[in-house]
Each structure stands twice: as C-alpha cells, then as structure tokens.
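Here the structure is laid out as structure tokens; the discussion comes afterwards.
The values are calculated or read from the model by the stated rules, or taken from the named source; none is laboratory data. Bear in mind the structure is a predicted one, so any value in this text is a computation, not a measurement. Quick reminder, even Gly has a Cβ in these numbers, built from the backbone with ideal geometry, and neighbours come from all protein chains shown.
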Amino acid sequence: MNRYGKDTKEIRVRSGQTFTISLESLPSAGYSWRASQDSQAIRLLSQNIAPASTKLGAAATEELTFEATKNGSDTLVLQYGRPWEDTPFEERRITVHVES
C-alpha cells in the first residue's frame, strides 16, 4: 500500500490498489477531514484516527484509505473542519490517476 502526506498534489495508482493519505488533525477540538471525489475511479475504504499523545488537546494523525476501482482520473477533495460549521478551515485537492 502506498502512503501519501499533506504536500501530495497527484497520485498514480493501478486499478485494484489501495493507498492511504495521512493528515494531521485535532479531533479533541472537533476537527476532522472529510473526503469527496467527482467520479467513481476511487472509493473511501476507511478513515482512522491515531492519537500522537494521550494528552488532552494533542494532535492526531488521520488516515484515509482509498481503493482505486476503475481506470480514469479523479479529483479528491479533502476538507478539514468541524461538522457543524459550513466553511472548512482548510481544503486540499489531489488528482488521482488510476491506470490498468
């Protein structure tokens, strides 16, 4: 499985492969990442949070794992914010190319 971080702008994978994007988050303050895409070339398999520390208010690493489901390109939009707020605090766009 391939792993990517916060500075990733483009990902190339083969159909059937999985990949994970790891991003820092602050779940104790209500912040989390939400993922959406514009086609069916990839799908979200899981989203896990691994705390960096047991201290209250400590940052965590949020891992979003995707599967490449069919050939094509997709724009993955990752929004960071609180679910009850309309405007995300941060947004990242990653172009995903799925090849056979």
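Give the residues of the range 84-100 that are assigned to a loop (DSSP other than H, G, I, E, B) and touching a Ser or Thr at 6+ places or on another chain (Cβ under 8 Å), sorted by residue number.
100
Restricting attention to the range 66-83, which residues are part of a loop (DSSP other than H, G, I, E, B), under 23 Å from residue 41 (Cβ atoms) and of a type in the set (D, E, K, R)?
70
Sort out which residues of the range 2-52 are over 19 Å from residue 73 (Cα atoms), assigned to a loop (DSSP other than H, G, I, E, B) and of a type outside the set (D, E, K, R), and write them in order of number.
The answer is 5, 26, 30, 31, 52.
Would you be able to tell me the number of residues in the range 62-92 that are over 17 Å from residue 13 (Cβ atoms), within 12 Å of the chain's Cα centre (by Cα) and not acidic (Asp, Glu)?
4
Just checking, which of 35, 68, 60 is surrounded by 12 or more Cβ atoms within 10 Å (Cβ to Cβ) and without any contact (Cβ under 8 Å) to a residue 40 or more places away in the chain?
Residue meeting the stated conditions: 60.
Can you tell me which residues in the range 17-40 are more than 10 Å from the chain's Cα centre (by Cα) and at pLDDT 95 or above?
Across the range 17-40, the qualifying residues are 17, 18.
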